[in-house]
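Undergrad: Let me begin by handing over the structure; questions about it come next.
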Amino acid sequence: MDVPIRDDTIRLGQLLKLADAAADGGEAKALLAEGVVTVNGEPESRRGRQLHRGDVVVVAGGEPLVVA
């Protein structure tokens with residue numbers, strides 16, 4: 001699923017909320033702490049990770065979220 005962003009980058013926690021993968025920052029933090037989030041195929045635990053267009057985020061093996 002493509003997730004359009006307004007600026008050149010977006011933080012991972014913001015993307016998770018924008019894509020409805022997390023209801024709020026606390027839920028995003030919990031998902032990252034559980035180790036179920038990958039960015040471009042690599043596990044990621046930093047909510048503040050900067051994402052760029054074309055980056056692919058997967059939460060718990062679900063549908064890939066592509067930063068667009």
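Undergrad: Going by alpha carbons, how many degrees (0 to 90, nearest 10) lie between the helix axis of 25-34 and the longest principal axis of the chain?
TA: 70
Undergrad: Could you point to the label whose value was computed as Rg and Dmax of the Cα atoms in Å for the structure here, given (1) 12.0, 43; (2) 10.3, 29; (3) 11.6, 36?
TA: Recomputing Rg and Dmax of the Cα atoms in Å here gives the entry labelled (2).
Undergrad: Quick one: which residues, 5 or more positions from Leu51 or on another chain, have an amide H under 5 Å from its amide H? H modelled 1.01 Å from N in the peptide plane, none for Pro or chain starts.
TA: Ile10, Arg11, Leu12
Undergrad: While we're here: Which cross-chain or sequence-distant (5 or more) residues have an amide H under 5 Å from the amide H of Ile5, H modelled 1.01 Å from N in plane?
TA: Ala68
FYI, it's all coordinate maths here, none of it is from the lab. Fair warning: this is a prediction, and the values are worked out from it, not measured in the lab.
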